[in-house]
1. Return yes when Trp4 is at pLDDT below 95, among the aromatic types (Phe, Trp, Tyr) and surrounded by fewer than 16 Cβ atoms within 10 Å (Cβ to Cβ) and no when it is not.
2. Could you check segment 42-71 and list, in sequence order, the residues that are assigned to a helix (DSSP H, G or I), under 12 Å from Phe11 (Cα atoms) and basic (Lys, Arg)?
3. Glu21: surrounded by 15 or more Cβ atoms within 10 Å (Cβ to Cβ) and in contact with a His (Cβ under 8 Å, 6 or more places away or on another chain), yes or no?
4. Regarding Ser52, is this residue in contact (Cβ under 8 Å) with a residue 24 or more places away in the chain, open to solvent by 50 Å² or more (accessible area, probe 1.4 Å) and not β-branched (Val, Ile, Thr)?
5. Name the residue that is farthest from the chain's Cα centre (by Cα), counting only residues in segment 14-41 that are assigned to a helix (DSSP H, G or I) and in contact (Cβ under 8 Å) with a residue 24 or more places away in the chain.
6. Which one is farthest from the chain's Cα centre (by Cα) among residues in segment 42-71 that are more than 16 Å from Arg7 (Cβ to Cβ) and among the charged types (D, E, K, R)?
7. Quick check on Phe11: is it open to solvent by less than 90 Å² (accessible area, probe 1.4 Å), assigned to a strand (DSSP E or B) and in contact with a Leu (Cβ under 9 Å, 6 or more places away or on another chain)?
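The values are calculated or read from the model by the stated rules, or taken from the named source; none is laboratory data. None of these values were measured; they are calculated from a predicted model. A quick note on method: Cβ atoms are made from the backbone with ideal geometry, for glycine too, and the neighbour counts reach across all protein chains shown. Accessible surface is based on the protein model in full, side chains and every heavy atom, while ligands, DNA and RNA are left aside. Shrake-Rupley method; radii C 1.70, N 1.55, O 1.52, S 1.80 Å.
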Amino acid sequence: MALWWNRWVAFRTEGGSRAEEIDRLQAHFKENGVKSKITLEGSSLKRIHVRSKDEDRAKELAASFDAEHSQ
């Protein structure tokens, strides 16, 4: 098995009522060509991971996503 943790970095973690934001963020990443994975931490936390080579692009996309959804 390849070293999963070397290729993927944890990008954002949300819990409670904000956990659904992770699913929407993943859809936004997918629309823009950035691969991501979601893992569950415990019973209420979701964490999204992006490929380490796409981390800078993911930061840009997350900033635009946050700007759109914070209004």
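1. Details: at pLDDT below 95: yes; among the aromatic types (Phe, Trp, Tyr): yes; surrounded by fewer than 16 Cβ atoms within 10 Å (Cβ to Cβ): yes.
The answer is yes for Trp4.
2. Listed by number, the residues that qualify are Arg57, Lys59.
3. Values: surrounded by 15 or more Cβ atoms within 10 Å (Cβ to Cβ): yes; in contact with a His (Cβ under 8 Å, 6 or more places away or on another chain): yes.
Against the criterion (surrounded by 15 or more Cβ atoms within 10 Å (Cβ to Cβ) and in contact with a His (Cβ under 8 Å, 6 or more places away or on another chain)), Glu21 qualifies.
4. On the way: in contact (Cβ under 8 Å) with a residue 24 or more places away in the chain: yes; open to solvent by 50 Å² or more (accessible area, probe 1.4 Å): yes; not β-branched (Val, Ile, Thr): yes.
Considered against the rule, which asks whether it is in contact (Cβ under 8 Å) with a residue 24 or more places away in the chain, open to solvent by 50 Å² or more (accessible area, probe 1.4 Å) and not β-branched (Val, Ile, Thr), Ser52 comes out as yes.
5. First pass over segment 14-41, keeping only residues assigned to a helix (DSSP H, G or I): 16-18, 20-31.
Filter again for in contact (Cβ under 8 Å) with a residue 24 or more places away in the chain, leaving 16, 21-22, 24-25, 28-29.
Values: Gly16: 16, Glu21: 9, Ile22: 6, Arg24: 9, Leu25: 6, His28: 9, Phe29: 8 Å.
Checking each candidate, the answer is Gly16.
6. Glu68
7. Details: open to solvent by less than 90 Å² (accessible area, probe 1.4 Å): yes; assigned to a strand (DSSP E or B): yes; in contact with a Leu (Cβ under 9 Å, 6 or more places away or on another chain): yes.
Considered against the rule, which asks whether it is open to solvent by less than 90 Å² (accessible area, probe 1.4 Å), assigned to a strand (DSSP E or B) and in contact with a Leu (Cβ under 9 Å, 6 or more places away or on another chain), Phe11 comes out as yes.
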